[in-house]
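One structure is given here, and the rest of the page talks about it.
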Amino acid sequence: MKFKLIINKEKEEEVVITARQRTALIDEIESLIQKYAGTDRIPGYTEDDIKMLSVSEIACVTVLDGKTYAIDSKNQRYRLKQRLYALEQQLPSSFIRINKSTLANEGALERFTVTYAGSVDAVFKCGYREYVSRRCFAQIKRRLESK
């Protein structure tokens, strides 16, 4: 692996990685860059206050009744001002889409279970459950098999 640093005060800072495949090291570098860029914290709202949520403590981001919520590792819900598609671009690659209205933090997933009806549910370490669409499950399965 090669490392190259170019300091040019006239240009905007940019990190470019050329790799054959995604690895744990690349994920860690991406996480560090996200934190440095100030995107590792998202404001979450409750009825009484505002809490700055660390991206690592968010189990999933979901849309309920047309509003976007973050569910943290303690199974607490926080209202978010951003839309799901904007959050999908902002959050690190450890967040994967599990259905049309939910992004899951891969590190917060405990397991996938099959229901009696034949559908698949994602069970989070905090106890929250969310269904997984067939299309997203196929993508998740491919992603997990490639690791």
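The values are calculated or read from the model by the stated rules, or taken from the named source; none is laboratory data. Just so it is clear, the structure is predicted and the values come from calculations on it, not from any experiment. Please note: Cβ atoms are built from the backbone with ideal geometry, for glycine as well, and neighbour counts cover all protein chains shown.
Between K67, K51, which is at pLDDT 95 or above and either out of contact with any Gly (no Cβ under 7 Å at 6 or more places or on another chain) or more than 25 Å from C136 (Cβ to Cβ) (or both)? Steps first, answer last, please.
On the way: K51 fails: at pLDDT 95 or above.
Just a single option satisfies the conditions, and that option is K67.
Can you tell me which residues in segment 36-77 are under 17 Å from the mean Cα position of the chain (by Cα), at positive phi and without any contact (Cβ under 8 Å) to a residue 12 or more places away in the chain?
G38
Could you name every one of the strands (runs of 3 or more DSSP E) located completely within segment 1-84 that has at least 1 residues being farther than 20 Å from R97 by Cα? Give the steps one after another, and end with the answer.
On the way: elements: 41-45, 50-54, 58-64, 67-72, 77-79.
By residue number, 41-45, 50-54.
Does Y36 fit the bill of being of a type in the set (F, W, Y) and either touching a helix residue (DSSP H, G or I) at 6+ places or on another chain (Cβ under 7 Å) or modelled with pLDDT under 85 (or both)?
On the way: of a type in the set (F, W, Y): yes; either touching a helix residue (DSSP H, G or I) at 6+ places or on another chain (Cβ under 7 Å) or modelled with pLDDT under 85 (or both): yes.
Here the answer is yes, as Y36 does meet what is asked.
Identify, please: which residue in segment 122-138 is without any contact (Cβ under 8 Å) to a residue 24 or more places away in the chain and within 17 Å of the chain's Cα centre (by Cα) and is, among those, farthest from A70 (Cα to Cα)?
Pass one, segment 122-138, residues without any contact (Cβ under 8 Å) to a residue 24 or more places away in the chain: 123, 129, 134-135, 138.
Cutting the leftovers down to within 17 Å of the chain's Cα centre (by Cα) gives us 123, 129.
Details: V123: 15, R129: 14 Å.
For segment 122-138, the residue satisfying everything is V123.
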